[in-house]
1. Could you order peptides 54-62, 31-39 by the average number of other Cβ atoms within 10 Å of their residues, highest first?
2. Arrange Met76, Met15 by Cβ neighbour counts within 10 Å, fewest through most, would you?
3. Hey, could you pull the Cα Rg and Dmax for segment 14-101, both in Å?
4. To the nearest 20 Debye, how big is the dipole of segment 14-101 about its Cα centre, given +1 on the beta carbon of each Lys and Arg and -1 on that of each Asp and Glu?
Amino acid sequence: FAFEGGRRRGGRRKMVYVTSWDEFVERSIQLFRADPESSRYVMKYRHCDGKLVLKVTDNRECLKFKTDQAQDAKKMEKLNNIFFTLMARGPDADITEASSKEQADQQPSKKGRGRRQ
């Protein structure tokens, strides 16, 4: 097959829907680190379907994750923080800081709990 305008030319491109969130995160980070210049991270929400699709691609491989679960929004926020760190500090940046920041944000606040004395 040969298409014009940057589409498929000869070789097949690999597009994969990943069903496991952890696998999607791991493979997405690997994909970005392998080629940060041409990698993209895209989020698309379809309100009429109530579905969120996350896509990470480097023009050779395309990873997608689809969900309709509201609790996945926190996971997506964590992935955003990881990608912000990688894009700002470079592909060799330590992403444990982005992950630990998210965990610190999840700690419940003591404010407003119990009686005042």
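1. So the order, starting with the most tightly packed, is 54-62, 31-39.
2. With the fewest neighbours first, Met76, Met15 line up as Met15, Met76.
3. Spelled out, the Cα radius of gyration and Dmax of segment 14-101 are 12.8, 39 Å.
4. 340 debye
Bear in mind these aren't lab numbers, they're just calculated from the coordinates by the rules spelled out. Please read all numbers here as calculations on a predicted model, not as lab measurements. We place every Cβ from the backbone using ideal geometry, glycine too, and count neighbours over all the protein chains shown.
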